[in-house]
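For reference, the structure is listed below as structure tokens.
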Amino acid sequence: MLLPRELLILLSLKVCLAVHNTRHGPVFTQEPSDSIFPLSTEDKRVFINCRAKGNPPPHYRWTVDGREISTESDPNYSLAEGNLLIKNPHVVNHRGVYQCIATNTFGTIVSRQAKVQFAFLENFSRKSRSIVSVREGQAVVLLCGPPLHYGEIKYSWVFNGRRGFLQQDARRFISQRTGNLYIAKVEALDAGNYTCAVRNMMTNATVFSSPTPVVVRGDAVMGEYEPKIEVQFPDTLRVSKGSSVTLECFALGNPVPSISWRRADGNPLPGKIKINHSTGVLEIPYFRPEDAGVYECVAENSRGLNVARGQLLFQNVEHLQWVHTPKDADIAIGASLQWECKAMGNPRPAYKWLKNGQILPKEGEIYVEAGKLSITRISLSDSGMYQCVAHNEHGSVYASAELKVVASPPDFTLRPVKKSTVVQRGGEAVLECRPYASPRAVTSWWRGGELLKDTERQTVMDDGTLRITNISKFDGGRYTCVARNHFGTSSSTGTLVVKDDVDPTRITVPPLSLDVTTGQSLVLPCDFSKQEHFEMIERYLLMTFQAHIFLSDGSEDVLLMHQGFAGDLMVRNIQLKHSGKYVCMVHTEVDTVSAAAALRVTGPPGPPEALAVTDISDTTVQLSWGSGPDNHSPVTMYMVQAKTPFSIGWQTVATVPDSVPGQMMHATVRDLSPWVDYEFRVVAINSIGVGEPSTHTKQIRTKAAVPKVAPVGVSGGGGARGELVITWEPVSEEHQSGEDFGYIVAFRPAGSSTWIQTVLASPDASRYIYKDDSIEPLTLFEVKVGVYNSIGEGQFSRMVRVFSAEEEPSEAPLSIWARAVSASEIEVHWKPIPSGSSRGKILSYEVLFWEEGSRPSEPRRVRIISATTALLSGLKGNTIYLISVRAENSAGFGPGSPAFNITTKKPPPNRPPSNIEWKLTNSKIFLNWEHVKAMENESEVTGYKVVYRQAWNSMTSVLETNKTSMALQIPSGENYLIEIKALTEGGDGSSSGPIRIPKMSS
């Protein structure tokens, strides 16, 4: 008899809590995060996000660096819902630590702190830089001295104002830490002007310094000396897991030193390390504990050797994450509360508690110890929003919970004493008294004016329930429950009716135990008999599953269909979680009956357990595992999957045996790539389907082996005279099979039996140029490219045939002539060079031109492909230009034609037409203007050009005339813009500027 009563109590609690949970304090749904905003964008607006839900809806405030932001006194700030909008942000005034504060009638919560910075790049000082004088053979360091900035920047240098940036090599190095340019050994060709260029990678802005002049003295040459390491990495550097670290090392010296890297403990460098041997930079991506150690940079030349070293320390930083957080609580006044929060992180976090956004003091009934908060004897003033904050040197996380202190007199509105309780004579009556009260009410029962006390047949239980056994006719009547607490008294009355000879309730169609498969749907029936003896009877139909009550409103997957004297339970899209015992219970005023059924759900197997890797070779590993839950269907087979840094997700791999049977808990994985990091997992399969994968193994690396993959795409050709250019596609890191990977390039003249070989010790190499002035143009070579690593030499590619470079054209283009098109343009024509003057295909022609008497070291150039005419533009008016044309093939440029001169036309007048008059008549616009008179050094005016368009349209119309007037026929109802220009053989003159003609009425 206890079970139905307890179920009814749960139902009442569900209804009660639904009423009280409609209103609640604020809860963040979006919090601000650390951000860097570029300041070079056109949109001078920055949003910092914050959003909270609550009932009533919360209102918001913001602080920056602990100061509250006033949107009224500071026009740069405004609120868009909870988000903070900063208009025209300033790099200094608006950077800082921001925090969002949300408040409603139940309390206040504060968001996590967000650091806001602005990426910017100021200009260099325009102050001239001093001349740097250096001897040939000596080293030099040119300082960049970057301007104020924030955000990632990249340094480059420009030499003598040329297009493109200075290329780094073994002799020249640009530090990305300081921006300085280092030249290990100065040569005569290094004399010139050097400009430092700084680019902000976020704003994409680039600024240039004033040039630094470098003068190479010719009075003496610096002798040879041993390397001096000028750029080196820190003595100690802490690196967190998964990050990328870059080490710079560069040495000055004569001869130019070579740079190499090694580990001080003698262990080989990890295969993933990227080394740029020409610039002295080492990069370790995806840093792991085994990458920690002492790294040495070795600089060496014929005069000696120098070493720089530094230690990389693995810093195990784990971001804070919650393990346990406090939950919202409704607590009666005078009761006690204990909350606990716990976070994981490295270093171990400390804790603090906030109430309504303020630090919670340890006083009175409040006790705070680390992540634990205790409040004894709760009072109304303790209501509010509480937050636990876990923090360490890397950040903080916030968890919030609401405390509602409930204080009210007894109230029977929602849970009155049952108006009528019908009991069979000789049975048992249970009358419940459960008013809503805080603190809990003290209850007593009365019959008439008599206070009921405990007897042999009647008992008042601790929860206020009145129980009467062995019911007789004399027990019938009215019973009143009186409830009292500090805030008041209330009562509720019900009637006990005693009946004779009541037919018991029976379940006529009980639910049956079933075996089902995931994804199916079913209905569990439960029909019961009707008690016709009773005119007034109240029935409660309940379905329970693992202490969960299903009501007639149902849930997403489970629906109770209650009609008349039947209560079928529908379960849709059955999952493993639905396995268990289901109880159908019918509760009337007189009795309670129930029937149970077991539901066994079969589904795909669970994840295998305890996956382990052993016996690692270059292409195989041994895996073993334990069986997981089979979910009522035996495992038929296992499937092994692997993931590498080079794969897209998890891939099924080959095993021995090919198909791993369900009773086997081990397998050999085959056909792996040597020297590659792998992770493995295992998936179980049964007759129902494929189960969830096991947890993956830690990353392991297969052993090194001789490389098996040869380069593909071997080809070549082109280059300068006397060169054999060989190219190929680099072998991917996945197939290099070991460290110290490189290429062996072999070639021989066609028909020769002797191979010439060279070794390139760079895994990224994709090109080799063999130079020999004795090679005839377009000589046929046989070429192949092989691979090697620290284990040995691998295979060569298939042999291909490659021609050596062509010979530059031997003659200049013929029959060159030109005409001046205008004051700024010259049209040049020529005939192609004879076919016999080039042993290769002509790729293009280049037109070189310069002003007479001032040929620069770099004349202006125009390159023309597959044509024999060129238009030179951007020229000065009435100026003599000298022009030369030369042909180009893959070997380079041939000789230029003899320079000839041509004069551009005089420029047009720089004065626009003036005194413009216009008038509208019907659909015509009549225009008049004053004639433009040319000066002596200007082209004569031959006519005028009238350009007009509708104001909303970009399409223009043009009319020309040799008069100073014109009539335009245009439709009515549109605004027009008109411009007038003078026409000369030197080109169009200055525009009058747009003249707006308002639309005419029809």
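Side notes on the structure shown:
- Ratio Rg/Rh, restricted to region 73-130 and using Cα atoms, in which Rh is the Kirkwood radius: 1.21
- Taking only the C-alpha atoms of the chain, Rg followed by Dmax gives 45.0, 137 Å.
- Per residue convex hull volume, Cα atoms of region 215-295, in Å³: 122
- Pairwise Cα distances in region 874-1002 exceed 16 Å for 69 percent of all pairs.
- Cα extents of region 125-222 along the three principal axes, largest first (Å): 46, 30, 23
- Note that region 822-832 has calculated 3J(HN,Hα) couplings of 7, 6, 10, 9, 10, 9, 10, 10, 7, 9, x Hz, one per residue in order, obtained from phi through the Karplus relation 6.51 cos²θ - 1.76 cosθ + 1.60 (θ = phi - 60°); glycine and proline are x.
- Simple point charges give the picture: +1 on the Cβ of Lys and Arg, -1 on the Cβ of Asp and Glu, and for region 914-997 a dipole about the Cα centre of about 440 debye.
- GluC sites (Glu not before Pro) within region 839-948, DSSP loop, no more than 11 other Cβ atoms inside 10 Å: 936
- Charge dipole (debye, nearest 20) of region 432-488; +1 at Cβ of Lys and Arg, -1 at Cβ of Asp and Glu: 160
- Shown in residue order for region 650-660 are the 3J(HN,Hα) couplings computed by the Karplus curve 6.51 cos²θ - 1.76 cosθ + 1.60 at θ = phi - 60°: 8, 10, 6, 10, 6, 9, 10, x, 4, 10, 7 Hz (x for Gly and Pro).
- Distribution of pairwise C-alpha distances over region 929-990, 10 Å bins, in %: 20, 47, 25, 8, 1
- Members of 876/981; 185/241; 241/352 lying beyond 30 Å, as alpha-carbon distances in this model show: 185/241
- Over all pairs of different C-alpha atoms in region 898-973, the reciprocal of the mean inverse distance, the Kirkwood hydrodynamic radius, equals 15.1 Å.
- Coil-residue GluC sites (Glu not before Pro) of region 399-459, DSSP, other Cβ within 10 Å capped at 10: 456
- FRET efficiency, residue 215 to residue 303 (Cβ-Cβ, R0 30 Å, nearest 0.05): 0.70
- Taking amide H positions as modeled 1.01 Å from N, with prolines and chain starts lacking one, the residues under 5 Å from residue 254 and 5 or more places away or on another chain are 225.
- Taken over region 318-406, the alpha-carbon convex hull comes to 76 cubic angstrom per residue.
- The relative contact order of the chain comes to 5 percent, based on Cα pairs under 8 Å that sit 6 or more residues apart.
- Where only C-alpha atoms are counted, convex hull volume of region 24-120 per residue in Å³: 88
- For region 609-702, average projected area of the Cα convex hull in nm²: 5.5
- Overall, the chain carries a charge dipole of about 1900 debye about its Cα centre when +1 sits on the Cβ of Lys and Arg and -1 on the Cβ of Asp and Glu, all other atoms neutral.
- A compact globular protein would have a Cα radius of gyration near 2.2 N^0.38 Å; the ratio found for region 774-862 is 1.85.
- Taking amide H positions as modeled 1.01 Å from N, with prolines and chain starts lacking one, the residues under 5 Å from residue 660 and 5 or more places away or on another chain are 638.
- Since only 667, 375, 818 are under comparison, the one whose Cα sits farthest along the positive direction of the charge dipole of the chain, derived from C-beta charges on Lys, Arg, Asp and Glu, is 818.
- Residue separation of residue 955 and residue 273 scaled by 0.36 nm, minus their Cα-Cα distance, works out to 239.7 nm of gained length.
- Loop sites in region 251-354: chymotrypsin sites (Phe, Trp or Tyr not before Pro), DSSP, at most 15 other Cβ within 10 Å: 286
- Across region 410-499, Cα pairs under 8 Å and at least six residues apart give a relative contact order of 40 percent.
- In this structure, the pairs whose alpha-carbon distance is over 27 Å, taken from 453/473; 372/577; 404/453; 154/272; 418/473, are 372/577; 404/453.
- Extreme residue, positive dipole direction of the chain, given options 616, 496, 970 (C-beta unit charges): 970
- Taking N as its residue count, the alpha carbon Rg of region 410-499 over 2.2 N^0.38 Å: 1.06
- Measuring only protein heavy atoms, the 1.4 Å probe finds residue 272 accessible over about 20 Å².
- Histogram of C-alpha separations across region 687-822, 5 Å bin width, %: 2, 9, 15, 15, 12, 9, 7, 6, 5, 5, 4, 3, 3, 1, 1, 1, 0, 0
- Toward the positive end of the charge dipole of region 817-903, with +1 on the Cβ of Lys and Arg and -1 on the Cβ of Asp and Glu, the farthest Cα among 847, 879, 866 is that of 866.
- A cut-off of 5 Å between modelled amide H atoms, ignoring neighbours fewer than 5 places along the same chain, links residue 568 with 526, 561, 563.
- Angle between the chain longest axis and helix 2-20 axis [Cα atoms, degrees, rounded to 10]: 50
- Cα-based radius of gyration for region 835-913, normalised by 2.2 N^0.38 Å, reads 1.35.
- Local charge for residue 908 was computed over the other residues whose Cβ lies under 15 Å away, with Lys and Arg +1 and Asp and Glu -1, and equals -1.
The values are calculated or read from the model by the stated rules, or taken from the named source; none is laboratory data. Predicted, not measured: the structure shown is a model, and the values here were computed from it. With ideal geometry, Cβ positions are generated from the backbone for all residues, glycine too; neighbour counts draw on all protein chains shown. Side chains included, ligands, DNA and RNA excluded: accessible areas come from the protein's heavy atoms. Shrake-Rupley method; radii C 1.70, N 1.55, O 1.52, S 1.80 Å.
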